[in-house]
Structures are given as structure tokens and as C-alpha cells.
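The values are calculated or read from the model by the stated rules, or taken from the named source; none is laboratory data. Note that the structure is predicted; figures quoted are calculated from it, not measured. A quick note on method: Cβ atoms are made from the backbone with ideal geometry, for glycine too, and the neighbour counts reach across all protein chains shown.
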Amino acid sequence: MHARIFLCIIALVLAAPIAARAEEAIAPDIGVRVVRDYVSPTLRAFSQTSGRLKGTLDDLCRDPSPSALEAARIAFAETVGNWGHVSVLRFGPLAEGNRFERVFFWPDPRGVTLRQVQGLLGSKDALPADIAAESVALQGLPALDYVLFGTGAEKLGAAGGDERRCRYGAAVAGNVAGIAEALIGAWGEGTAFHAAFTAPAADRDPYRSVGEVAAEIVKAAGTALQFTRNAELLPALGDAPQKANGRRAPFWRSRQSFAFAAAQLDGVKQLVEAAGFVEGPSDTVNGYGRGVVFDVGHARDALLAVAGKPEEAFAEEEDRARIAYAAVAMEGAKHMLNGELSGALGLVMGFNALDGD
């Protein structure tokens, strides 16, 4: 018994300098940096483009035309790209109230979104008064992808338009814009979450130290890489070209699949940089951080180089090779994040948002 107590004391004594060195590897203002340099500008951009998307759909409903439909489609692509950046922040405010799923219900292997959206559009019943109270599959960007680009979407820009479809699309866009505004408020100064993230303390929840803030950031970056790779790209890639199915990728109708994935990867890069893992107080951490950024950047560039439409590219030889390369690079970046980088920061990584899915 005495020997066991002695060993515990020794372990604590040895752990103290290790913890101190780990704290020195983390920028003391890590939360402030991330909010200032990544969270705030990213949320503002998402709010602006989603608000513009709502406006273009309102215009389309009032005065249907090919140019009005094109304006809505352009605003949709911009919103999807900015959502790619926001989606990396899959913790705190974005994890509350099913906000992530309400904007981006994915994966959807059983086609719930398509089935529910088609059912709603084909129904004779009145449209829901509050789309936010409906199924998450009806509320977000995948649903709007079908509205603007799916079967029958061309009627939106024709003379007379498609009033039901347009009003539903405007409601979805308004819902997404509302969530964007709610996220800005939830991250804002004066909230308990903002205080804990930017100035963690023993009596604050959920972050009691800069180490816990750093761990959340590393976990978020790793989760984004895992989700992009495993939930968005690999199911569509399949084990062989003949098993590829580009229609299993998000936003294939709008042809935003690869731009969206690239935006997510760009978000990981920017988050890692904002956290001080590339130009921070520890040369060791900076080295691993640059390795992560290198892999993520190559993965992003490979996806942006995909030339074909999503429904064809996953099976086409050259594009398939680009996607496969991006998947390998993402896996390498994730291993470095959760391994060498986390170790250099003195972090013990727990579960992420995808564990148990």
C-alpha cells in the first residue's frame, strides 16, 4: 500500500514539469487568437452570404427569371463555401440545438432529405409555418441543393415560376441565415462560452485551462478531416471505379462537392494557423503544425484540380486518382494532429464529435 502511494507521488512530481513545458508550448491567448482570426470573420462571412441567399430567393419568388435563378444559385455556392469554413467549428455553439445537422444533414445514405423534400414539394398541404420546427433533413443546405438544382428546378426561372418550391427554398435559406446569426450571438462577447474559450479558468465551464482550449481546437480540426474524408468522399469513391457513385457526395447536383470539401480543408488550415500551431511559442509544435498544413494544402489543391462533374469524377481515372490522393493526405494530416502535434502540446485527446456514429 505504501509503495503504491509512493509511486503515485513520484508520478505526480514527474508530471508537473511535463505539464509546465506543455503549457509553454501553447500560446497563452490561444482562444483570443482563434476567435479574432478565425471564428469571428468566418461566422460573419457565413451570415452575409446566407442572408444574401435569402434575398436572392425572395427576389426569385417575386419575379421569376433565368437571371434571378442564376443569382440564387451563385449565392448558394458562396454560402456552401462559407459553411465549409464554419463546419470545422463542430463544438460549443455549433453542437448545441442540432445546429450542425440543421444546416448540413449528412451523411444521408438512405436519402432521407430527397424523400422528404420531394414529399413536401408534391404535397397539397400548406407549407410548414416554421421550417425550423420540421425534420432537420428539410431545414438545411442539402435540401436547398435539391430545390435549386434538382429535378424540376428550371421551372423556378421560367415565366410563372414554381411558387411552392420557391417559397420553400426561401424558408430554408431564411432558416440557415437565422442559424448563422444565432452562432454569432452564441460566440459573442459577454457569453459564458466566449469567456471560457478566451479566458479559461478553474471555475469556468467547459474550459478550465489553455490546454483544454488547445485540445478542443485539435479535436475540431481532426474531426473535420475525418468527416470530409470518411463521410463525404470515400463513400462516393468506393473500393473500385465500378463501385464509385458520385451521387453519394454532398452537393453533387450543384457541382459543389469538391469546392465544398476544399473549403473545409482550407478551414482546417486556417484554424491550425490561428491557434498558433504554425508560428507559435514552440518550435517543435510549429514543425508539426507546418506538416499538417502541408498535407491539408496538398489535399485541398488535389480536390480543386478535379475536372469532372461529381457524378462522373469519382469513377474517371485521373479525377479518381486526385480524390484518392487527397484522402491519403487527409489521413496523414489527421494522424499528425492526433499524434505528434498533440504530444508536443502535452494533450491527451478524448472522443470527437464522430465517435459512436
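Got a sec? Which of LEU237, LEU225 is over 26 Å from PHE277 (Cβ atoms), crowded, with 20+ Cβ neighbours inside 10 Å, touching a residue at least 60 places away in the same chain (Cβ under 8 Å) and not assigned by TED's automatic domain parsing to the domain that holds GLU96? First the steps, then the outcome.
Values: LEU225 fails: over 26 Å from PHE277 (Cβ atoms).
Exactly one of LEU237, LEU225 is over 26 Å from PHE277 (Cβ atoms), crowded, with 20+ Cβ neighbours inside 10 Å, touching a residue at least 60 places away in the same chain (Cβ under 8 Å) and not assigned by TED's automatic domain parsing to the domain that holds GLU96, namely LEU237.
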Any chance the stretch 131-145 includes a residue that's surrounded by fewer than 21 Cβ atoms within 10 Å (Cβ to Cβ) and either outside the structural domain of GLY84 (by TED's automatic domain parsing) or of a type in the set (D, E, K, R) (or both)? yes
Could you tell me whether ASP29 is surrounded by 13 or more Cβ atoms within 10 Å (Cβ to Cβ), within 30 Å of ARG164 (Cα to Cα) and at pLDDT 50 or above? no
Select, from GLY178, GLY161, GLY211, GLY190, the only residue that is within 26 Å of TYR38 (Cα to Cα), out of contact with any Phe, Trp or Tyr (no Cβ under 9 Å at 6 or more places or on another chain) and not in a helix (DSSP H, G or I). GLY190
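Looking at ALA201, ALA170, ALA196, which is the one that is more than 30 Å from GLU154 (Cα to Cα), of a type in the set (Gly, Ala, Ser) and under 23 Å from the mean Cα position of the chain (by Cα)? It would help to see each step written out before you state the result.
On the way: ALA201 fails: under 23 Å from the mean Cα position of the chain (by Cα); ALA170 fails: more than 30 Å from GLU154 (Cα to Cα).
Only one candidate passes the filter, namely ALA196.
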Taking only pairs six or more apart or across chains, which ones have beta-carbon atoms under 6 Å, a first residue in the stretch 242-253 that is at pLDDT 95 or above, and a second residue that is aromatic (Phe, Trp, Tyr) and part of a loop (DSSP other than H, G, I, E, B)? ALA244/PHE314; GLY246/TRP252; GLY246/PHE314; PRO250/TRP106
